[in-house]
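Visitor: Have a look at the structure that comes next, please.
The values are calculated or read from the model by the stated rules, or taken from the named source; none is laboratory data. Everything numeric in this text was worked out from a predicted model, so none of it was measured. Quick reminder, even Gly has a Cβ in these numbers, built from the backbone with ideal geometry, and neighbours come from all protein chains shown. What goes into the accessible areas is simple: the full protein's heavy atoms, side chains included, and nothing from ligands, DNA or RNA. Shrake-Rupley method; radii C 1.70, N 1.55, O 1.52, S 1.80 Å.
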Amino acid sequence: MEKSTVFNNRLLPYLLLLPQLVVTVVFFYWPASQAIWQSFLREDAFGLVSEYVGLENYQALFAQPEYYRSMLTTVVFSTLVAALSLSIALLFATQADKNLKAAPAYKTLMIWPYAVAPAVAGVLWFFMFQPSLGMLARPLRGMGLDWNPLLNENHAMMLVVMASVWKQISYNFLFFLAGLQSIPRSVIEAGAIDGAGPMRRFWTIIFPLLSPTTFFLLVVNVVYVFFDTFGIIDAVTGGGPAGATTTMVYKVYADGRLGGDLGGSAAQSVVLMVIVIALTAIQFRYVERKVQY
(Lines give C-alpha, C1' and ligand atoms only; values in the text may rest on other atoms or scores of the structure.)
Protein backbone atom coordinates (compact mmCIF):
# COMPACT_ATOMS: atom_id res chain seq x y z
CA MET A 1 0.00 0.00 0.00
CA GLU A 2 1.16 3.53 -0.75
CA LYS A 3 1.95 5.67 2.26
CA SER A 4 0.22 9.02 2.44
CA THR A 5 2.19 12.11 3.35
CA VAL A 6 1.44 13.44 6.82
CA PHE A 7 2.44 16.98 7.82
CA ASN A 8 3.13 17.37 11.52
CA ASN A 9 2.72 21.12 11.24
CA ARG A 10 -0.69 22.23 9.96
CA LEU A 11 0.76 25.47 8.56
CA LEU A 12 3.47 23.76 6.50
CA PRO A 13 1.25 22.83 3.50
CA TYR A 14 0.01 26.42 3.26
CA LEU A 15 3.54 27.80 3.55
CA LEU A 16 4.63 25.56 0.67
CA LEU A 17 1.72 26.82 -1.44
CA LEU A 18 2.26 30.46 -0.49
CA PRO A 19 4.97 31.37 -3.09
CA GLN A 20 2.90 30.02 -5.99
CA LEU A 21 -0.25 31.68 -4.67
CA VAL A 22 1.56 35.02 -4.36
CA VAL A 23 2.88 34.78 -7.93
CA THR A 24 -0.58 33.85 -9.24
CA VAL A 25 -2.32 36.68 -7.40
CA VAL A 26 0.28 39.34 -8.25
CA PHE A 27 0.82 38.45 -11.90
CA PHE A 28 -2.62 37.15 -12.94
CA TYR A 29 -5.56 37.94 -10.66
CA TRP A 30 -4.48 41.49 -9.79
CA PRO A 31 -3.78 42.57 -13.42
CA ALA A 32 -6.96 40.82 -14.58
CA SER A 33 -9.06 42.61 -11.97
CA GLN A 34 -7.44 45.92 -12.90
CA ALA A 35 -8.19 45.33 -16.59
CA ILE A 36 -11.83 44.52 -15.81
CA TRP A 37 -12.23 47.68 -13.73
CA GLN A 38 -10.38 49.80 -16.30
CA SER A 39 -12.68 48.55 -19.06
CA PHE A 40 -15.53 50.49 -17.41
CA LEU A 41 -13.59 53.76 -17.39
CA ARG A 42 -12.73 56.44 -19.92
CA GLU A 43 -9.19 57.68 -19.33
CA ASP A 44 -6.83 60.12 -20.92
CA ALA A 45 -3.71 58.86 -22.71
CA PHE A 46 -1.64 59.21 -19.52
CA GLY A 47 -4.13 57.51 -17.20
CA LEU A 48 -4.33 60.59 -14.95
CA VAL A 49 -8.01 61.45 -15.41
CA SER A 50 -10.70 58.77 -15.47
CA GLU A 51 -14.48 58.72 -15.73
CA TYR A 52 -16.84 55.82 -15.15
CA VAL A 53 -18.75 55.11 -18.38
CA GLY A 54 -20.22 51.66 -17.72
CA LEU A 55 -20.48 49.50 -20.82
CA GLU A 56 -19.72 52.25 -23.32
CA ASN A 57 -16.25 50.86 -24.08
CA TYR A 58 -17.74 47.48 -24.93
CA GLN A 59 -20.48 49.05 -27.05
CA ALA A 60 -17.94 51.09 -28.98
CA LEU A 61 -15.70 48.05 -29.36
CA PHE A 62 -18.37 45.81 -30.90
CA ALA A 63 -19.42 48.63 -33.21
CA GLN A 64 -15.99 48.68 -34.87
CA PRO A 65 -15.66 46.71 -38.13
CA GLU A 66 -11.90 46.63 -37.53
CA TYR A 67 -12.40 44.58 -34.37
CA TYR A 68 -14.34 41.88 -36.22
CA ARG A 69 -11.62 41.86 -38.85
CA SER A 70 -9.01 41.29 -36.13
CA MET A 71 -11.15 38.40 -34.85
CA LEU A 72 -11.19 36.79 -38.29
CA THR A 73 -7.45 37.36 -38.66
CA THR A 74 -6.90 35.72 -35.27
CA VAL A 75 -8.97 32.68 -36.25
CA VAL A 76 -7.06 32.19 -39.51
CA PHE A 77 -3.69 32.86 -37.91
CA SER A 78 -4.26 30.65 -34.86
CA THR A 79 -5.61 27.75 -36.94
CA LEU A 80 -2.66 27.80 -39.34
CA VAL A 81 0.01 28.15 -36.62
CA ALA A 82 -1.43 25.50 -34.30
CA ALA A 83 -2.08 22.97 -37.07
CA LEU A 84 1.27 23.43 -38.81
CA SER A 85 3.41 23.56 -35.67
CA LEU A 86 1.79 20.43 -34.21
CA SER A 87 1.89 18.39 -37.42
CA ILE A 88 5.46 19.34 -38.37
CA ALA A 89 6.72 18.75 -34.82
CA LEU A 90 5.05 15.32 -34.76
CA LEU A 91 6.68 14.44 -38.09
CA PHE A 92 10.11 15.47 -36.83
CA ALA A 93 9.61 13.66 -33.53
CA THR A 94 8.71 10.39 -35.24
CA GLN A 95 11.85 10.64 -37.37
CA ALA A 96 14.05 11.50 -34.38
CA ASP A 97 12.65 8.54 -32.46
CA LYS A 98 14.13 6.16 -35.00
CA ASN A 99 17.58 4.59 -34.63
CA LEU A 100 19.61 7.20 -36.51
CA LYS A 101 23.36 7.68 -36.25
CA ALA A 102 23.07 11.45 -35.89
CA ALA A 103 19.97 11.39 -33.68
CA PRO A 104 21.55 13.28 -30.71
CA ALA A 105 22.79 16.10 -32.96
CA TYR A 106 19.47 16.16 -34.79
CA LYS A 107 17.54 16.48 -31.51
CA THR A 108 19.84 19.25 -30.29
CA LEU A 109 19.37 21.27 -33.47
CA MET A 110 15.62 20.87 -33.19
CA ILE A 111 15.62 22.29 -29.65
CA TRP A 112 17.68 25.40 -30.41
CA PRO A 113 14.86 27.61 -31.80
CA TYR A 114 13.00 27.31 -28.48
CA ALA A 115 15.73 29.43 -26.85
CA VAL A 116 15.10 32.31 -29.25
CA ALA A 117 12.84 35.10 -27.99
CA PRO A 118 9.71 35.74 -30.11
CA ALA A 119 10.81 39.25 -31.07
CA VAL A 120 14.26 37.99 -32.09
CA ALA A 121 12.67 35.21 -34.13
CA GLY A 122 10.53 37.81 -35.88
CA VAL A 123 13.56 39.94 -36.71
CA LEU A 124 15.43 36.90 -38.09
CA TRP A 125 12.58 35.96 -40.40
CA PHE A 126 12.04 39.57 -41.46
CA PHE A 127 15.69 39.92 -42.50
CA MET A 128 15.56 36.63 -44.42
CA PHE A 129 12.42 37.66 -46.32
CA GLN A 130 12.96 41.42 -46.55
CA PRO A 131 11.87 42.30 -50.12
CA SER A 132 15.04 44.11 -51.20
CA LEU A 133 17.87 42.54 -49.18
CA GLY A 134 16.50 39.27 -47.82
CA MET A 135 18.62 36.23 -48.66
CA LEU A 136 15.47 34.16 -49.27
CA ALA A 137 13.37 36.93 -50.82
CA ARG A 138 15.74 37.59 -53.69
CA PRO A 139 15.52 33.99 -55.04
CA LEU A 140 11.73 34.27 -54.87
CA ARG A 141 11.87 37.40 -56.98
CA GLY A 142 14.28 35.65 -59.33
CA MET A 143 11.67 32.93 -59.87
CA GLY A 144 9.12 35.56 -60.89
CA LEU A 145 7.26 35.86 -57.58
CA ASP A 146 6.67 39.49 -56.64
CA TRP A 147 7.37 38.84 -52.96
CA ASN A 148 6.63 41.87 -50.79
CA PRO A 149 5.22 41.31 -47.28
CA LEU A 150 5.38 45.07 -46.70
CA LEU A 151 2.60 45.67 -49.23
CA ASN A 152 0.98 42.31 -49.95
CA GLU A 153 -1.44 41.15 -47.24
CA ASN A 154 -1.17 37.44 -48.09
CA HIS A 155 2.63 37.55 -48.09
CA ALA A 156 2.62 39.30 -44.71
CA MET A 157 0.32 36.65 -43.22
CA MET A 158 2.49 33.87 -44.66
CA LEU A 159 5.60 35.41 -43.13
CA VAL A 160 4.22 35.79 -39.59
CA VAL A 161 2.75 32.27 -39.77
CA MET A 162 6.11 30.79 -40.83
CA ALA A 163 7.96 32.66 -38.09
CA SER A 164 5.44 31.65 -35.42
CA VAL A 165 5.42 28.01 -36.53
CA TRP A 166 9.24 27.87 -36.57
CA LYS A 167 9.35 29.28 -33.03
CA GLN A 168 6.83 26.76 -31.63
CA ILE A 169 7.99 23.59 -33.39
CA SER A 170 10.81 23.02 -30.87
CA TYR A 171 8.45 23.09 -27.88
CA ASN A 172 6.04 20.66 -29.51
CA PHE A 173 8.92 18.47 -30.68
CA LEU A 174 10.22 18.01 -27.12
CA PHE A 175 6.88 16.78 -25.78
CA PHE A 176 6.08 14.59 -28.77
CA LEU A 177 9.51 12.97 -28.58
CA ALA A 178 9.10 12.33 -24.86
CA GLY A 179 5.67 10.85 -25.52
CA LEU A 180 6.99 8.58 -28.26
CA GLN A 181 9.84 7.33 -26.08
CA SER A 182 7.39 6.45 -23.30
CA ILE A 183 5.38 4.09 -25.55
CA PRO A 184 6.41 0.46 -24.86
CA ARG A 185 8.22 -1.05 -27.83
CA SER A 186 6.49 -4.35 -27.17
CA VAL A 187 3.15 -2.80 -28.14
CA ILE A 188 4.50 -1.56 -31.47
CA GLU A 189 6.27 -4.87 -32.13
CA ALA A 190 3.04 -6.74 -31.44
CA GLY A 191 1.29 -4.67 -34.08
CA ALA A 192 4.08 -5.42 -36.55
CA ILE A 193 3.79 -9.14 -35.83
CA ASP A 194 0.05 -8.94 -36.49
CA GLY A 195 0.85 -7.60 -39.96
CA ALA A 196 0.16 -3.88 -39.45
CA GLY A 197 2.25 -1.64 -41.71
CA PRO A 198 4.11 1.48 -40.49
CA MET A 199 1.26 3.88 -41.28
CA ARG A 200 -1.37 1.63 -39.72
CA ARG A 201 0.76 1.15 -36.60
CA PHE A 202 1.11 4.90 -36.29
CA TRP A 203 -2.60 5.75 -36.60
CA THR A 204 -3.98 2.78 -34.63
CA ILE A 205 -1.32 2.35 -31.93
CA ILE A 206 1.13 5.23 -31.62
CA PHE A 207 -1.12 8.24 -32.19
CA PRO A 208 -3.88 7.09 -29.78
CA LEU A 209 -1.23 6.55 -27.09
CA LEU A 210 0.05 10.08 -27.82
CA SER A 211 -3.40 11.60 -27.28
CA PRO A 212 -2.65 12.94 -23.75
CA THR A 213 0.45 14.71 -25.08
CA THR A 214 -1.42 15.97 -28.13
CA PHE A 215 -4.26 17.32 -25.99
CA PHE A 216 -1.82 19.11 -23.68
CA LEU A 217 0.02 20.65 -26.63
CA LEU A 218 -3.25 21.71 -28.24
CA VAL A 219 -4.17 23.74 -25.15
CA VAL A 220 -0.67 25.21 -24.88
CA ASN A 221 -0.54 26.11 -28.57
CA VAL A 222 -3.86 27.93 -28.42
CA VAL A 223 -2.55 30.08 -25.56
CA TYR A 224 0.74 30.58 -27.44
CA VAL A 225 -0.99 31.76 -30.62
CA PHE A 226 -3.29 34.16 -28.80
CA PHE A 227 -0.63 35.79 -26.62
CA ASP A 228 3.01 34.85 -27.24
CA THR A 229 3.00 35.66 -30.96
CA PHE A 230 2.67 39.37 -30.22
CA GLY A 231 6.44 39.89 -30.33
CA ILE A 232 6.72 38.19 -33.72
CA ILE A 233 3.94 40.24 -35.29
CA ASP A 234 5.29 43.47 -33.84
CA ALA A 235 8.80 42.79 -35.14
CA VAL A 236 7.81 41.48 -38.58
CA THR A 237 4.81 43.48 -39.79
CA GLY A 238 3.66 45.78 -36.99
CA GLY A 239 0.11 44.59 -37.69
CA GLY A 240 0.26 45.67 -41.34
CA PRO A 241 -0.10 46.05 -44.17
CA ALA A 242 -3.44 47.79 -43.69
CA GLY A 243 -4.16 45.73 -40.57
CA ALA A 244 -3.86 42.40 -42.39
CA THR A 245 -1.85 40.82 -39.55
CA THR A 246 -3.47 42.67 -36.66
CA THR A 247 -4.61 39.93 -34.30
CA MET A 248 -6.71 40.54 -31.22
CA VAL A 249 -3.74 40.71 -28.87
CA TYR A 250 -1.89 43.11 -31.16
CA LYS A 251 -4.98 45.33 -31.42
CA VAL A 252 -5.03 45.57 -27.62
CA TYR A 253 -1.49 46.97 -27.79
CA ALA A 254 -2.11 49.18 -30.82
CA ASP A 255 -5.24 50.82 -29.41
CA GLY A 256 -3.96 51.17 -25.86
CA ARG A 257 -0.25 51.91 -26.21
CA LEU A 258 -0.20 53.58 -29.61
CA GLY A 259 -3.74 54.96 -29.82
CA GLY A 260 -4.06 56.08 -26.20
CA ASP A 261 -7.49 54.44 -25.76
CA LEU A 262 -6.82 52.80 -22.41
CA GLY A 263 -10.44 51.97 -21.61
CA GLY A 264 -11.12 50.44 -25.01
CA SER A 265 -7.87 48.50 -24.85
CA ALA A 266 -8.83 47.15 -21.43
CA ALA A 267 -12.22 46.07 -22.78
CA GLN A 268 -10.47 44.23 -25.62
CA SER A 269 -8.19 42.44 -23.15
CA VAL A 270 -11.20 41.31 -21.13
CA VAL A 271 -12.92 39.96 -24.25
CA LEU A 272 -9.72 38.19 -25.28
CA MET A 273 -9.35 36.65 -21.83
CA VAL A 274 -12.95 35.39 -21.91
CA ILE A 275 -12.43 33.86 -25.38
CA VAL A 276 -9.26 32.03 -24.33
CA ILE A 277 -10.87 30.72 -21.13
CA ALA A 278 -13.92 29.57 -23.13
CA LEU A 279 -11.75 27.81 -25.73
CA THR A 280 -9.78 26.07 -23.00
CA ALA A 281 -12.97 25.00 -21.23
CA ILE A 282 -14.41 23.64 -24.50
CA GLN A 283 -11.24 21.67 -25.13
CA PHE A 284 -11.34 20.12 -21.66
CA ARG A 285 -15.09 19.48 -21.95
CA TYR A 286 -15.26 17.87 -25.39
CA VAL A 287 -11.78 17.15 -26.79
CA GLU A 288 -10.54 15.48 -23.60
CA ARG A 289 -13.24 12.81 -23.98
CA LYS A 290 -11.29 11.34 -26.88
CA VAL A 291 -8.02 11.27 -24.93
CA GLN A 292 -6.87 7.79 -23.91
CA TYR A 293 -4.92 7.89 -20.66
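Visitor: So what is the relative contact order of the stretch 94-252, in percent, for Cα pairs below 8 Å that sit 6 or more residues apart?
Guide: On the way: 160 pairs, mean separation 49.7, N = 159.
Rounded, it is 31 percent for the stretch 94-252.
Visitor: Using a simple charge model, +1 on the beta-carbon of Lys and Arg, -1 on the beta-carbon of Asp and Glu, nothing else, what dipole does the chain show about its Cα centre, in debye to the nearest 20? Mind showing how you got there, number by number?
Guide: On the way: 18 positive and 16 negative charges, 230 e Å.
Around 1100 debye, computed over the chain.
Visitor: Projecting each Cα onto the charge dipole of the chain (Lys/Arg +1, Asp/Glu -1 at the beta carbon, about the Cα centre), which of L150, V270, T79 comes out farthest on the positive side?
Guide: T79
Visitor: Now a separate question. Where the accessible area of the chain is counted over protein heavy atoms with a 1.4 Å probe, how much of it, in %, is carbon and sulfur?
Guide: On the way: 11930 of 17580 Å².
Answer for the chain is 68 percent, counting heavy atoms of protein chains only.
Visitor: Take each of the peptides 264-274, 50-60, average the number of other beta-carbon atoms within 10 Å over its residues, and list them starting from the highest.
Guide: Details: 264-274: 21.4, 50-60: 14.3.
Listed from highest to lowest mean packing, they are 264-274, 50-60.
Visitor: Taking K98 as the anchor, which aspartates and glutamates have their alpha carbon closer than 18 Å to its alpha carbon, excluding any fewer than eight residues away along the same chain?
Guide: Cα-Cα hits under 18 Å: E189.
Visitor: Hey, another quick one. For labels at A105 and A278 in the simple 7 Å Cα→Cβ model, what's the distance in nm?
Guide: My value for the distance between the label points is 5.1 nm.
Visitor: Any idea how far apart T79 and F62 come out in nm if each label point goes 7 Å out from Cα toward Cβ?
Guide: Placing both labels 7 Å along Cα→Cβ, they lie 2.3 nm apart.
Visitor: Just to be sure I follow the definition: excluding the sites themselves, where is the longest run in the chain that has none of the trypsin sites (Lys or Arg not before Pro) in a DSSP loop with at most 15 other Cβ atoms within 10 Å? All intermediate terms of the calculation are to be shown ahead of the outcome.
Guide: Values: sites that count: K3, R10, K98, K101.
Value returned for the longest uninterrupted segment is 102-293.
Visitor: Let me ask something else about it. Can you tell which of S164, S70, S182 shows the greatest fluctuation in a Gaussian network model of the chain with Cα springs below 10 Å?
Guide: S182
Visitor: With charges only on Cβ, +1 for K and R and -1 for D and E, what is the dipole size of the stretch 143-293 about its Cα centre, in debye, rounded to 20?
Guide: Numbers: 9 positive and 9 negative charges, 104 e Å.
Computed about the Cα centre, the dipole is about 500 debye.
Visitor: For R42, enumerate residues with amide H under 5 Å from its amide H, sequence gap 5+ or separate chain, H modeled in the peptide plane.
Guide: It is E51, Y52, V53, by chain and number.
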